[in-house]
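Below you'll find the structure, written out as structure tokens, and then a few comments.
The values are calculated or read from the model by the stated rules, or taken from the named source; none is laboratory data. As the structure is a prediction and not an experimental result, all values here were calculated from the model. Don't worry about glycine lacking a Cβ; one is built from the backbone with ideal geometry, like all the others, and counts go over all protein chains shown. We work out accessible area using only protein heavy atoms, side chains counted, and drop any ligands, DNA or RNA first. Shrake-Rupley method; radii C 1.70, N 1.55, O 1.52, S 1.80 Å.
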Amino acid sequence: MPTARDSLLRAASEAVERRSWQCVRMVEVAAAAGVSRQTLYNEFGDKAGLGAALAERQTTAFLDGFAAFCAERRERPPDEALALAGEWIVRAAGGDRVVRAALTGCRCGGPPSAVIGPGDLVARLTERARRALPSAGPARCETAIRVAISHLVAPPG
């Protein structure tokens with residue numbers, strides 16, 4: 001049975017995928033989660049608190065998914081593994097407005113992500129790639145990640 005917090009974060013995530021964060025209303029999130037508005041405020045304090053918790057949840061899941069993806073490609077040649085990892089970033093972040101906003105620094109309709117900034121997120125991705133793909137080297141890992149992020153900011157042709 002999901003907790004009220006889990007239900008609220010899921011409802012907020014669904015709401016922000018349908019419309020911009022600025023248009024998401026707390027009362028709608030509470031109703032979608034099946035809890036009172038007071039429960040929402042008790043759990044997160046305000047909309048900024050909900051946004052920060054949502055950004056933390058989504059980016060943590062993204063980082064964990066990336067680490068698992070890279071680990072599964074450990075035996076592949078480094079260039080191939082990094083290319084696949086870059087494609088994974090574009091696909092996963094492209095489908096998640098909250099993560100895309102955190103990676104690019106562009107709000108893109110997502111909540112303000114004061115929890116983690118783009119530079120810190122790149123560093124965390126690089127560390128996970130470096131651990132999972134040690135033969136690739138840290139500079140190549142970071143370059144592949146930054147190229148992937150550039151595709152989110154300005155998709156090719």
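Could you identify the single residue in 57, 37 that is within 22 Å of residue 117 (Cβ to Cβ), surrounded by fewer than 19 Cβ atoms within 10 Å (Cβ to Cβ) and out of contact with any Gly (no Cβ under 8 Å at 6 or more places or on another chain)?
That would be 57, the only listed residue that is within 22 Å of residue 117 (Cβ to Cβ), surrounded by fewer than 19 Cβ atoms within 10 Å (Cβ to Cβ) and out of contact with any Gly (no Cβ under 8 Å at 6 or more places or on another chain).
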Which residue pairs have Cβ atoms under 7 Å apart, sit 6 or more places apart or on different chains, and have a first residue in region 82-96 that is of a type in the set (Asp, Glu) and a second that is at pLDDT below 95?
96/58
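Is it the case that residue 72 is open to solvent by less than 70 Å² (accessible area, probe 1.4 Å), over 25 Å from residue 8 (Cβ atoms) and not aliphatic (A, V, I, L, M)?
Considered against the rule, which asks whether it is open to solvent by less than 70 Å² (accessible area, probe 1.4 Å), over 25 Å from residue 8 (Cβ atoms) and not aliphatic (A, V, I, L, M), residue 72 comes out as no.
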Take the residues in region 18-34 that are under 28 Å from residue 106 (Cβ atoms) and open to solvent by 50 Å² or more (accessible area, probe 1.4 Å), then tell me which one is farthest from the chain's Cα centre (by Cα).
27
Output the number of the condition that residue 116 fails; it satisfies all remaining conditions of (1) in a helix (DSSP H, G or I); (2) crowded, with 16+ Cβ neighbours inside 10 Å; (3) of a type outside the set (S, T, N, Q).
(1)
Of all residues in region 117-157 being β-branched (Val, Ile, Thr) and under 15 Å from residue 100 (Cα atoms), which is farthest from the chain's Cα centre (by Cα)?
147
